[in-house]
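Enquirer: My structure is below; once you've seen it, I'll send some questions.
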Amino acid sequence: MSAGRDIVTIARWEVKKSFSVMSRNVLPVAIVLFVLLVIVTGFAAQNGLHIQDGMYRIGIDDPQVAALFSSDARFTVYEAGDATLADNRGAYDLVIVKGVVYASTTEKGRSALNTLERDYTQYRNSVYTGENDLFAAYPLWIDTQSVESELNFTATQNGQYVQVAPGQGPPVPQGTVKNVPTPSPTLGVTQDELRQELVTSSSQNTQVSRYTDVLSSHESVMGTFVTPDQLSPPLPFDSIILVFVFIFPLYFTSQFFMMSIMNERIERKGEVLLSLPVKTSSIILGKMLPYFLGMLAICAGITLYIRASPLVLLPLIPIIIFFLANALIIGMLARSFKELSFISIFFSTVATSYLFFPSIFANVHVISLISPLTLIVLTIQGTAWTLADYGYSTVLFWLTGAILFYIAARNFNEERLFSEKKFLPRIREFLAGILPQQHPYAALFLLAACSIPFVFMSQMMGLVVFFNLPMPYSLVLLLVVAALIEEMAKAAGIYTLFVRDTAFFSWKHLVCACAATAIGFLVGEKLLLFATLAQITESIFGSVLFLSLGVLWMPLLLHLACILIVACSLKVWGKNGLLPGLAAATVLHCCYNLYFILGWIR
Amino acid sequence: MKTRHVAIIAKKEFQGLFSEKTILLAVLLQVFIALFSSFLMVGLTSMYDPSSLSRYSHFRYDVAYAGKESPLLGYLENSPDFRVDRIDLSTAVELLKERRISAVVYAPGTPPGAEDPVTITLYTLTNDLQGAVVDVKMKDVFVKYEQDLRTIRAGRLDVTPVPVQIPPSAGSGDFFEFVYGLLVPLLVFLPGIISAALIIDLITEEYQHETLETLVSTPVTFAEMVWGKVLACEILVPFQAGAWLFLLMANGIAIENPVLILLHVTLASLLLILIGALVALHYRERTAAQFVFSTALVVILLFVLALPYNPLNLVARLSVGMAGVEQWIVLCAVGLTVLALGYSMQKYADRIGLLQSGV
């Protein structure tokens, strides 16, 4: 109970302190900037964003046609006689002579043609929308019905098609045929309702509404009916708006926490805090609490604003925790402000990619579920997700967050906070901080087991990166990277102990330490796999990452052999032996995996 | 102001940066993003334009046609993308569920000249890449059919649009605009933003670590010190932006006028760095300075982007070889703003320097 009171007290101090720093000079400026932001947003919305202006050169002989396209700033329109245009065809990306478009054969010409086509469609639609007889202007409506099918990891990769052998006559279904009601031949919408809908949908700026539509679950009167022009697949980058709306504010707020931790370390200001008779975990939690609540409030505010379901908050909480845990560690590790900036920019980019790129494939591929952002996309769409999905996409965030907090809490002391050592030795020291001197083997065991979530996260990252490559390359690269990451994780503990106490490593101790690491790694791996990752392990990618799941003694031998290579290399060549040892271990690991995959594929 | 002093400070900052080795992270980040975007391009292009992969080029998708006779059936049969079978609706949908065919089309027997529109029902698979591809191919067929129907009903239209004949597009042009109109300008301006954040760190660090007195006690004046830091950050910009251009080109994205792009980026970045320096001099504390700067940055960027011929747009134009004389006018405008800001920073730094030496 008293720990709870400590946390609240420290949280109150933190709020008071940051407000006293911020309010004096910053608040008035912040208000001015906010007002300016609103004004500028309005200005930009009215003026449009002029980043792609004048990309294409287009020559037109007819002023009436030229008027159609001169409003699109991407085109620089030149009017000339058709003879002049024909002579200088090469100078233009597009030429329109006597109402016929000729595009240059370059990539740019094709792109210009696509843009022109979209503009022309828009213009044509604006003419048709004004017609009296709308059903003459829009004579064809497509009712788009989607049919559920079992998702198949291998079948949908790269848009592959489950090919049926081209037999004679139509195929015959294997399952039982359920009666599908005959669709009604009428649209069920009057011309007036249709006109209303067309006016609202054409008045929207498609460049902007494309993104805002991702956020809103707008119901059109037309239901599932579209005109042929509207029949287009979702654009791949649309979910980036979610990154801007949800993830950026979180990243921004976590910066304040990072800075607050860093400030405690400058000129030993944090000594007061450390001398308090409270547990370090209470100090950390207390300092973190205001930021956590703040971030939660921001997310709740945004959710309310876009009128999304409050369920959106569930996948956001592990992201918040993960961000805060990383902010804490970065704030404790960085030696200077510029280092803080670089590390935090690096971290945020990597974390954002990890969150964003899989979510591109939302609705398309199960791989998208490794990102909690996909759950947000699904929630906003109104698609249900299960508790298992939630666990699957967030468990790594929960675990890594918790482990980072533990490391931070163990190292939140004068010795670590105020030391001026280099970056990598500092990381080593942090690890040493959680490895107790008395029980080195138990510590190695635990460290190896705890490194598993980080290993999986980095391997998942690799999976995302290499997923887009054609099949053989993606497998090979993934193989090497996965092996290297595992070896690095296993070597971390041994290396830390080795540097701290070289004399400890007699040959006997060395073998014992390696055995402890190998067993710890195996146990951690198995535990996490059994808990969650069944979906990915079923695929061929999973078989690369988590191959070692099969028989128990084989992977154990592999882990032991690999870590022994690294340890021996360390013992023989000292610290310089780390890299060659890692390389050798990776090669061995790859060979093992290759052997099994080749056997497995055959 | 002595150039030598400025150079000494710049050198000191560089040594600090390189001894910390964290600048390596920035380089690593560039390679990482470049890798990512090129992988993404390859993956997405093949996903949205399956014909770009040669083995798909003559691929025909099996579709089922149900319902009454209509010209649509003829279009589907003549299309090189589809192989059509006439199957009754319930059976066809079951086949679709089993992934044995890729779409089902149902047509009611509405006559083409009827009062009401013709409604076609299209069944495709949810959550499927293939469904997205089939949608695109189907669209072509439907658009042809729609044009036919419009011609039949043309007598009922009041106005007809100005006719423009557009040849069928060869596809795959969509990434051009994304790459040159967004990726290139944003990436080359990223170093400028990073440098501006860096100058804030460098200046506030002197205040917060209380190392300023030591520095001021040397022959270097306060203003010289600030300019040295600005110089160090500014020198980083062309190198990093150049690295972006190089990485993009290595990924097969041809960029014209790289030297001119670097010129524009370097000058515009100096503007950002000076703003960062002014904010840092004013607040002397990192949290506040970074907060105010990043908010101001959003305002400035949004405002600048809404102006025609802004520097980002110029980079886009230059990279596709479309910039004319106007680029020099913009360059001059940016240069004048830099001069004005530089002058005010000199005055501000002088004043702080006087106060400091007075204390």
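Enquirer: For the range B:315-344, enumerate the residues that are within 10 Å of chain A (Cβ to nearest Cβ) and touching a residue at least 60 places away in the same chain (Cβ under 8 Å).
Expert: B:Val315, B:Ala316, B:Ser319, B:Val320, B:Gly321, B:Ala323
Enquirer: Within the range B:66-119, how many residues are of a type in the set (Asp, Glu) and at the interface with chain A (Cβ under 8 Å from one of its Cβ atoms)?
Expert: Adding up the residues that qualify gives 5.
Enquirer: Residues of the range A:257-272 being of a type outside the set (S, T, N, Q), touching a residue at least 40 places away in the same chain (Cβ under 8 Å) and open to solvent by less than 50 Å² (accessible area, probe 1.4 Å), which ones?
Expert: Of everything in the range A:257-272, those that are of a type outside the set (S, T, N, Q), touching a residue at least 40 places away in the same chain (Cβ under 8 Å) and open to solvent by less than 50 Å² (accessible area, probe 1.4 Å) turn out to be A:Phe257, A:Met258, A:Met259, A:Ile261, A:Met262, A:Glu264, A:Arg265, A:Gly270.
Enquirer: Tell me yes or no: at least one residue of the range A:33-42 is free of Cβ contacts under 8 Å to residues at least 40 places away in the same chain, more than 11 Å from every other protein chain (Cβ to nearest Cβ) and not basic (Lys, Arg).
Expert: Checked against the condition, which is being free of Cβ contacts under 8 Å to residues at least 40 places away in the same chain, more than 11 Å from every other protein chain (Cβ to nearest Cβ) and not basic (Lys, Arg), the range A:33-42 yields no hits at all.
Enquirer: Considering only the range A:104-133, state which residues are touching a Gly at 6+ places or on another chain (Cβ under 6 Å) and open to solvent by less than 30 Å² (accessible area, probe 1.4 Å).
Expert: Residues satisfying the conditions are A:Ser111, A:Asn114.
Enquirer: Determine whether A:Val278 is more than 20 Å from the chain's Cα centre (by Cα) and either open to solvent by 20 Å² or more (accessible area, probe 1.4 Å) or over 30 Å from B:Glu205 (Cβ atoms) (or both).
Expert: yes
Enquirer: Still on this structure, I have one more. Only one of B:Leu212, B:Leu182, B:Leu190 is modelled with pLDDT of 85 or more and either open to solvent by less than 30 Å² (accessible area, probe 1.4 Å) or in the same structural domain as B:Leu270 (by TED's automatic domain parsing) (or both). Can you tell me which?
Expert: B:Leu190
Enquirer: Suppose the filter is open to solvent by less than 50 Å² (accessible area, probe 1.4 Å) and in contact with a Phe, Trp or Tyr (Cβ under 8 Å, 6 or more places away or on another chain); does A:Leu37 pass it? I'd like the intermediate steps shown before the answer.
Expert: Numbers: open to solvent by less than 50 Å² (accessible area, probe 1.4 Å): yes; in contact with a Phe, Trp or Tyr (Cβ under 8 Å, 6 or more places away or on another chain): no.
So A:Leu37 fails the test.
Enquirer: Also, I was wondering about something else. Please give the number of the condition B:Lys137 fails out of (1) at the interface with chain A (Cβ under 7 Å from one of its Cβ atoms); (2) part of a helix (DSSP H, G or I); (3) closer than 19 Å to A:Thr121 by Cβ.
Expert: So the condition that B:Lys137 fails would be (1).
Enquirer: Check whether at least one residue in the range B:276-287 is under 20 Å from A:Gly54 (Cβ atoms), in the same structural domain as B:Ile193 (by TED's automatic domain parsing), in a helix (DSSP H, G or I) and modelled with pLDDT of 90 or more, and report yes or no. Let's see the steps before the verdict.
Expert: Residues of the range B:276-287 that are under 20 Å from A:Gly54 (Cβ atoms), as a first pass: none.
Checking the range B:276-287: not a single residue is under 20 Å from A:Gly54 (Cβ atoms), in the same structural domain as B:Ile193 (by TED's automatic domain parsing), in a helix (DSSP H, G or I) and modelled with pLDDT of 90 or more.
Enquirer: Can I ask one more? Have a look at B:Leu248, B:Leu274, B:Leu236, B:Leu312 and point out the one that is under 24 Å from the mean Cα position of the chain (by Cα) and more than 14 Å from chain A (Cβ to nearest Cβ).
Expert: B:Leu248 is the lone residue from the list that is under 24 Å from the mean Cα position of the chain (by Cα) and more than 14 Å from chain A (Cβ to nearest Cβ).
Enquirer: Restricted to the range A:78-103, and to residues that are surrounded by fewer than 20 Cβ atoms within 10 Å (Cβ to Cβ) and assigned to a strand (DSSP E or B), which residue is farthest from the other protein chains (Cβ to nearest Cβ)? Before the answer, list the steps.
Expert: Quick first cut of the range A:78-103, residues surrounded by fewer than 20 Cβ atoms within 10 Å (Cβ to Cβ) only: A:78-84, A:86-91, A:97-100, A:102.
In the following step, the residues that additionally are assigned to a strand (DSSP E or B) were identified as A:78-79, A:97, A:100, A:102.
Details: A:Tyr78: 13, A:Glu79: 15, A:Val97: 10, A:Val100: 5, A:Tyr102: 8 Å.
By that ranking, first place goes to A:Glu79.
Enquirer: Checking the condition within 38 Å of the chain's Cα centre (by Cα) and either crowded, with 19+ Cβ neighbours inside 10 Å or aromatic (Phe, Trp, Tyr) (or both), which residue from A:Arg74, A:Arg24 passes?
Expert: Answer to the selection: A:Arg74.
Enquirer: Identify the residue in the range A:483-501 that is in a helix (DSSP H, G or I) and open to solvent by 20 Å² or more (accessible area, probe 1.4 Å) and, among all such residues, is nearest to A:Asn593 (Cα to Cα).
Expert: Applying the filter and picking the extreme gives A:Leu484.
Enquirer: Can you list residue pairs whose Cβ atoms sit under 7 Å apart, with the first residue in the range B:148-169 being touching a residue at least 24 places away in the same chain (Cβ under 8 Å) and assigned to a helix (DSSP H, G or I) and the second being of a type in the set (A, V, I, L, M, F, W, C) and open to solvent by less than 80 Å² (accessible area, probe 1.4 Å)? Count only pairs 6 or more apart in sequence or on different chains.
Expert: Close Cβ pairs satisfying both conditions: B:Leu149/A:Leu140; B:Leu149/B:Val118.
Enquirer: Could you tell me whether the range B:312-320 includes any residue that is within 30 Å of B:Ser217 (Cβ to Cβ), of a type in the set (S, T, N, Q) and open to solvent by less than 50 Å² (accessible area, probe 1.4 Å)? Working first, answer last.
Expert: Going residue by residue through the range B:312-320, those that are within 30 Å of B:Ser217 (Cβ to Cβ) are none.
No, the conditions are met nowhere in the range B:312-320.
Enquirer: If I go through the range B:61-118 residue by residue, how many of them are in a loop (DSSP other than H, G, I, E, B) and open to solvent by 30 Å² or more (accessible area, probe 1.4 Å)?
Expert: Total satisfying the criteria: 14.
The values are calculated or read from the model by the stated rules, or taken from the named source; none is laboratory data. Since the structure is predicted, the reported quantities are computational estimates derived from the model, not experimental observations. Here Cβ is always computed from backbone atoms with ideal geometry, including for glycine, and neighbour counts include all displayed protein chains. We work out accessible area using only protein heavy atoms, side chains counted, and drop any ligands, DNA or RNA first. Shrake-Rupley method; radii C 1.70, N 1.55, O 1.52, S 1.80 Å.
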